[in-house]
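Report on the following structure.
The values are calculated or read from the model by the stated rules, or taken from the named source; none is laboratory data. Since the structure is predicted, the reported quantities are computational estimates derived from the model, not experimental observations. Every residue, glycine among them, receives a Cβ derived from its backbone with ideal geometry; neighbour counts consider all protein chains shown.
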């Protein structure tokens, strides 16, 4: 449940906040969710990757349909990519990787400053 909730928070904020802030605001979003919800590293990376990746797919598709693929066609000519669909997939995978790394960074910072005490099980 925590994984799904964290992924939804990251996805919704990654879809709406880049309209008001720079594109790298997704790192700040995933960083703070990594600080708040602490699980294992794979779960942190996966929630950041899935949340940002799916948000960027929907964001790129909405931008592409509203501009009638004019900008996308110019970019695929510059980068020698065969299709607009590949451009959307490559961009969302790159954004997902950046989001996953931001989430891991938040977990690492929490692990550095928050020290767990060892449990002592004395049995007499």
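The residue list 8, 46 contains one member that is surrounded by fewer than 19 Cβ atoms within 10 Å (Cβ to Cβ), closer than 15 Å to residue 106 by Cβ and either under 8 Å from the mean Cα position of the chain (by Cα) or modelled with pLDDT of 90 or more (or both), which is 46. When restricted to residues that are part of a helix (DSSP H, G or I) and either crowded, with 18+ Cβ neighbours inside 10 Å or touching a residue at least 12 places away in the same chain (Cβ under 8 Å) (or both), the range 49-81 contains 16. The set of residues in the range 20-37 being over 15 Å from residue 95 (Cα atoms) and in a helix (DSSP H, G or I) consists of 32, 33, 34, 35, 36. Of all residues in the range 62-77, none are under 22 Å from residue 2 (Cβ atoms) and at pLDDT 90 or above.
The rows are residues; the columns are (1) surrounded by fewer than 13 Cβ atoms within 10 Å (Cβ to Cβ); (2) at pLDDT 90 or above; (3) in contact with a helix residue (DSSP H, G or I) (Cβ under 6 Å, 6 or more places away or on another chain); (4) over 16 Å from residue 6 (Cα atoms).
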| position | (1), (2), (3), (4) |
| --- | --- |
| 83 | yes, no, no, yes |
| 89 | no, yes, no, yes |
| 95 | no, yes, yes, yes |
| 101 | no, yes, no, no |
| 106 | no, yes, yes, no |
| 114 | yes, no, no, yes |
| 117 | yes, no, no, yes |
| 120 | yes, no, no, yes |
